[in-house]
Structure formats: C-alpha cells, structure tokens
Amino acid sequence: MYISQITAIGPLAAEMAEQQMMVLFGDDAPEAVAEIAVMHSGQTLERDIAPGDEMIVGEQVFTVTAVGGEANRTFRVMGHCTLVFTGAAEVALPGQIALGGGKAPIVRAGEDLMVVFA
C-alpha cells in the first residue's frame, strides 16, 4: 500500500476537477504548476501503479483502469501525475492515470491519498 497526505491545494485545482482531472505533485511543485495542483507528501512508491489497483482520494475509492508510460516514473520522482476520472481503458498522455468509479472529488488538505495494490 502507498499512503500520502494532501498538504495543499492550488487555487485553480477545482477548475481541473470540473474537467474530471486532478494534477498531483509533491510539496516541491513549481509555482506555475502549484496553481492547478493538489500537493501531497508521503512515503516512496515501492511498486508501480497498475490497472486493477485501487486509488483512494479523500473519502472516495476509484479503480485504476489505465496507466500512462511515464506516470509511475514521474510519480516516484516528483510525486507528479495527472489523474483522469474517465474510467477509460487508455490514457491520452504518458503522465496520466485513468480512474473509474466516480467523478473527480473535491479534496481538502489533511486528507489521505492511498493506493491499494491488487
């Protein structure tokens, strides 16, 4: 299991959620990205996120349906990926992780971000 805590939410993150996306970034997000991102800190990602895993964002549980070719690397190095809440079996960009199970949640600082590996 991977566990992280949401530490800050950029002022434009809610607009991203309206588009069914959430940009995740570690606490050291560049200023331009921090405006649209949900920042988090936590443990190191020990294994790759894969379809069939569950991602818990705040109080909602989602199922990973697709993972872009760069998403695990950038998540491991920078805490960065873009979650898309479409449930699609593919992603449009290499840094995306597609999730099924509901619309993009509105999150608050202090909530958890978890991955439960299948």
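Couple of notes before you dig in:
- All of L24, L45 fail the test of being assigned to a strand (DSSP E or B) and touching a helix residue (DSSP H, G or I) at 6+ places or on another chain (Cβ under 9 Å), apart from L24.
Residues checked against (1) at pLDDT 95 or above; (2) of a type outside the set (S, T, Y); (3) more than 14 Å from S4 (Cα to Cα):
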{"position": "Q20", "(1), (2), (3)": "yes, yes, yes"}
{"position": "F25", "(1), (2), (3)": "yes, yes, no"}
{"position": "G42", "(1), (2), (3)": "no, yes, no"}
{"position": "G52", "(1), (2), (3)": "yes, yes, yes"}
{"position": "V84", "(1), (2), (3)": "yes, yes, yes"}
{"position": "L113", "(1), (2), (3)": "yes, yes, no"}
{"position": "V116", "(1), (2), (3)": "yes, yes, no"}
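- Looking only at segment 63-118, and only at residues there that are in contact (Cβ under 8 Å) with a residue 40 or more places away in the chain and touching a Gly at 6+ places or on another chain (Cβ under 6 Å), the one that is most open to solvent (accessible area, probe 1.4 Å): A118
- Highlighted here are the strands (runs of 3 or more DSSP E) found entirely within segment 79-118 that include at least 1 residues which are among the polar types (S, T, N, Q): 81-84, 96-100.
- Screening E15 on (1) part of a loop (DSSP other than H, G, I, E, B); (2) more than 13 Å from the chain's Cα centre (by Cα) shows it passes everything except condition (1).
The values are calculated or read from the model by the stated rules, or taken from the named source; none is laboratory data. Predicted model, so just to flag it, every value in this text is computed and none were measured. Positions of Cβ are generated from backbone atoms using ideal geometry, with glycine treated the same way; all protein chains shown enter the neighbour counts. We work out accessible area using only protein heavy atoms, side chains counted, and drop any ligands, DNA or RNA first. Shrake-Rupley method; radii C 1.70, N 1.55, O 1.52, S 1.80 Å.
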